[in-house]
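Have a look at the structure below before the remarks.
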Amino acid sequence: MSETTAPSLALTKETIVSLDPATGEPVGEIEMTPVGLIPQMVRDAKAAQRSWGALSLEQRAEILKSAVPRMSEEAGRIGELLTREMGKPKPQGVGEAKYCASGITDEVDAVVAALRPEILEDDSTVTTLRFDPYGVVAAITPWNFPLLMVFQSVIPALAAGNTVLLKPSEETPLVAREWVKVFNEALPPNVLQLVVGDERQGKALVGSPIDLVVFTGSREAGKHILREASGGLKRVILELGGKDPMIVLDGADLDAAATFAARNSFRNAGQVCVSTERIYVDEKIVDDFNARLIEKAAGMKQGPGMEAGVEVGPMINRQQKDHVLGQIESAVRDGAKVLLGCHGPADGGDGNFVPLTVLTDLNHDMDIMSEETFGPVACVMPVRGRDDAVRKANDTRFGLAASVWGTAETAEEVAAQLTAGMIGVNQGCGGAEGSPWVGAMESGYGWHSGKYGHRQFCQVRTISRAAAKPSKD
Ligand code: NAD
């Protein structure tokens, strides 16, 4: 592990020097898009949209899918770059890049199936329900899944007939540039353009005459975007942060629950929107659960993502590390007990790394139990039965995901009482194929994926005519 404490990002004049968060070494440099260039890029996108949107759904699908062989060919290289730029373990970086290449085929097929016109008919009227493109989409994405978040925004938007201006995170512009470059080998000019920069470019895009903003990122930035977009009544899809609860009821398979808790608290160093951030365990079984969780966490190898066998990498940058350690320190000051890991900055690890940490003796007045942590911390709180668990799990402004562990019937009943958008019963939140990715309350506004998600990239139109009169014969 490196002693370096440099931030992973340095803005030098009009370039971004992207740094490896594990070592502090530069990974590469990229020119920022001048804000003054954005209006012309939007005009180019509008012009390109006329012919792109005029193609049939099937023609666009064919063009998008034609990118898959080249993108698959480059996925290993792009995945390694992802690991160096963002820090996650190499198998995960390469896996993400491979999915964002080969997965285009299935995703495009799903969009096509969702957007075929539907016919509605009653005694007097026949209506065709059409799913038409909005026009120009601004896709603004975060760094924690630097390609997957791009993929989820860009593929449905393009397949629907929109053109896209993509602004990836300033923390991971290099990997986004490579993905766009290879994709653009298959696309007509200006159908997909890359805007490189930070929130200044993001704000300029939102303020431009675009038609839809598809944003994935923090709640604060999401609220700002919603306000800015309201003037022009621009369409907005927001996928925001979370503070996901996990409930472990008496009767749960404790080993399965502890395995999930360790994986879902520490995967991607906790930098996952659907990380488990609060764990409520029935007081009768909490000691047993904690012992298993600590054992599993202690067995996870942490280090630079390029090193073999590493399961947990660093924080994306110094600022994120300081945020996580600050929450831990403040909780410990207010009475939290450290079962594993660190107490705060004093024993907070080298470079951008934060040791895997398990805390207990917590309460909901603590920042670490109410605001997103986005770090490798498992917070365990004992509860008195299911009603207490539900009350505590729902005591949040967020509503992204949740999971409930217990006997099948009881766990399902408890799941139905939770306010989150995506709930897993004895598993994580991922749904069957076709399920939407949806955050409730302050975790989202609109959603994507699945039939209804794909349709949010479109203007719905109805064209109606009189039904043919039944013949008298
Ligand atoms: P962020 O909000 O700081 O930045 C996200 C993107 O928005 C970046 O490209 C950034 O440059 C841009 N941006 C920032 N402020 C902006 C503004 N006012 N106007 C326009 N653009 C702006 O988030 P982040 O730190 O990159 O990502 C972490 C956050 O993303 C966490 O809160 C996490 O939970 C969330 N996230 C949510 C999901 C989901 O599906 N719900 C998925 C991944 C990440």
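Can you pull out the residues in region 36-69 that are of a type in the set (A, V, I, L, M), open to solvent by 50 Å² or more (accessible area, probe 1.4 Å) and under 18 Å from residue 201 (Cβ atoms)?
Correct list: 37 only.
Which of the residues that make up region 344-367 are assigned to a helix (DSSP H, G or I) and farther than 26 Å from residue 245 by Cβ?
Step one: of region 344-367, the residues assigned to a helix (DSSP H, G or I) are 345-347, 367.
Result: 345, 346, 347.
Mind checking whether some residue in region 109-124 is part of a helix (DSSP H, G or I), within 20 Å of the chain's Cα centre (by Cα), touching a residue at least 12 places away in the same chain (Cβ under 8 Å) and not assigned by TED's automatic domain parsing to the domain that holds residue 376? Talk me through it step by step, then tell me what you get.
Filtering region 109-124 for residues part of a helix (DSSP H, G or I) gives 109-115.
After this cut, where a residue has to be within 20 Å of the chain's Cα centre (by Cα) as well, the list is 110-111.
Within this subset, residues satisfying the condition of being touching a residue at least 12 places away in the same chain (Cβ under 8 Å) are 110-111.
Next, from what is left, pick out any that are not assigned by TED's automatic domain parsing to the domain that holds residue 376: 110-111.
Yes, there is a match, as at least one residue in region 109-124 is part of a helix (DSSP H, G or I), within 20 Å of the chain's Cα centre (by Cα), touching a residue at least 12 places away in the same chain (Cβ under 8 Å) and not assigned by TED's automatic domain parsing to the domain that holds residue 376.
Out of curiosity, is residue 227 charged (D, E, K, R) and touching an Asp or Glu at 6+ places or on another chain (Cβ under 9 Å)?
For residue 227, the condition - charged (D, E, K, R) and touching an Asp or Glu at 6+ places or on another chain (Cβ under 9 Å) - is not met.
Going through region 316-375 one residue at a time, which ones are under 30 Å from residue 82 (Cβ atoms), open to solvent by 20 Å² or more (accessible area, probe 1.4 Å) and among the basic types (Lys, Arg)?
The one that is under 30 Å from residue 82 (Cβ atoms), open to solvent by 20 Å² or more (accessible area, probe 1.4 Å) and among the basic types (Lys, Arg): 318.
Any residue in region 197-208 that's buried (at least 17 other Cβ atoms within 10 Å of the Cβ): show its pairings with residues that are among the basic types (Lys, Arg) at Cβ separation under 6 Å, as long as the two are six or more apart or on different chains.
Sorted first by the residue in region 197-208, then by its partner, the pairs are 201/167; 202/167; 205/167.
Please find, within region 380-398, the residue that is nearest to the chain's Cα centre (by Cα) out of those that are crowded, with 20+ Cβ neighbours inside 10 Å and either of a type in the set (Phe, Trp, Tyr) or within 16 Å of the ligand (Cβ to nearest atom) (or both).
Restricting to residues being crowded, with 20+ Cβ neighbours inside 10 Å and either of a type in the set (Phe, Trp, Tyr) or within 16 Å of the ligand (Cβ to nearest atom) (or both), the top hit is 398.
So in region 241-255, with the set limited to residues that are open to solvent by 10 Å² or more (accessible area, probe 1.4 Å) and touching a residue at least 40 places away in the same chain (Cβ under 8 Å), which one is nearest to the ligand (Cβ to nearest atom)?
Filtering region 241-255 for residues open to solvent by 10 Å² or more (accessible area, probe 1.4 Å) gives 245, 249-255.
Adding the requirement that they be touching a residue at least 40 places away in the same chain (Cβ under 8 Å) leaves 245, 249-253.
Numbers: 245: 15, 249: 26, 250: 31, 251: 31, 252: 26, 253: 28 Å.
Step by step, filter region 241-255, then rank; the result is 245.
Please verify whether region 228-240 includes one or more residues that are more than 16 Å from the ligand (Cβ to nearest atom) and not assigned by TED's automatic domain parsing to the domain that holds residue 364.
Of all residues in region 228-240, those more than 16 Å from the ligand (Cβ to nearest atom) come to 233.
Subset that is not assigned by TED's automatic domain parsing to the domain that holds residue 364: 233.
The answer is yes, given that some residue of region 228-240 is more than 16 Å from the ligand (Cβ to nearest atom) and not assigned by TED's automatic domain parsing to the domain that holds residue 364.
I'd like the residue in region 187-225 that is touching a strand residue (DSSP E or B) at 6+ places or on another chain (Cβ under 6 Å) and more than 30 Å from residue 17 (Cβ to Cβ) and, out of all such residues, is nearest to the ligand (Cβ to nearest atom). Show your work before the answer.
We begin by selecting, within region 187-225, every residue touching a strand residue (DSSP E or B) at 6+ places or on another chain (Cβ under 6 Å); these are 191-196, 201-202, 205-206, 210-216, 222, 225.
Then drop every residue that is not more than 30 Å from residue 17 (Cβ to Cβ), which leaves 211-212.
Details: 211: 16, 212: 14 Å.
Across region 187-225, the extreme among qualifying residues is 212.
In region 304-318, which residues are away from the ligand (no atom under 16 Å from the Cβ) and either over 23 Å from the mean Cα position of the chain (by Cα) or of a type in the set (Val, Ile, Thr) (or both)?
Matches in region 304-318: 307, 308, 309, 310, 312.
In region 217-230, is there at least one residue being closer than 30 Å to residue 413 by Cα and of a type in the set (D, E, K, R)? Walk me through it before giving the result.
Taking region 217-230 as the starting set, the residues that turn out to be closer than 30 Å to residue 413 by Cα are 219.
Filter once more, so that each one left must be of a type in the set (D, E, K, R): 219.
Taking every residue of region 217-230 in turn, at least one turns out to be closer than 30 Å to residue 413 by Cα and of a type in the set (D, E, K, R).
Being open to solvent by 70 Å² or more (accessible area, probe 1.4 Å), within 29 Å of residue 311 (Cα to Cα) and either without any contact (Cβ under 8 Å) to a residue 40 or more places away in the chain or small (Gly, Ala, Ser) (or both), is that true of even one residue in region 76-87?
No, region 76-87 has no match at all.
For residue 299, work out the one condition from (1) within 14 Å of the ligand (Cβ to nearest atom); (2) surrounded by fewer than 24 Cβ atoms within 10 Å (Cβ to Cβ) it doesn't fulfil.
Looking at each condition in turn, residue 299 falls short on (1).
Open to solvent by 20 Å² or more (accessible area, probe 1.4 Å) and not small (Gly, Ala, Ser), is that true of residue 15? Explain how you work it out, then say what you get.
Numbers: open to solvent by 20 Å² or more (accessible area, probe 1.4 Å): yes; not small (Gly, Ala, Ser): yes.
When the stated conditions are applied, residue 15 passes them.
Taking region 115-144 as the region of interest, how many residues are within 16 Å of the ligand (Cβ to nearest atom) and either at pLDDT below 95 or acidic (Asp, Glu) (or both)?
In the first step, residues of region 115-144 are kept if they are within 16 Å of the ligand (Cβ to nearest atom); the result is 136-144.
Subsequent filtering for residues that are either at pLDDT below 95 or acidic (Asp, Glu) (or both) retains none.
The qualifying residues number 0.
The values are calculated or read from the model by the stated rules, or taken from the named source; none is laboratory data. A quick note: this is a predicted structure, and the numbers were derived from the prediction, not measured. Backbone-built Cβ (ideal geometry, glycine too); neighbour counts: all protein chains shown. Side chains are part of the model used for accessible areas, which takes the heavy atoms of the whole protein and leaves out ligands, DNA and RNA. Shrake-Rupley method; radii C 1.70, N 1.55, O 1.52, S 1.80 Å.
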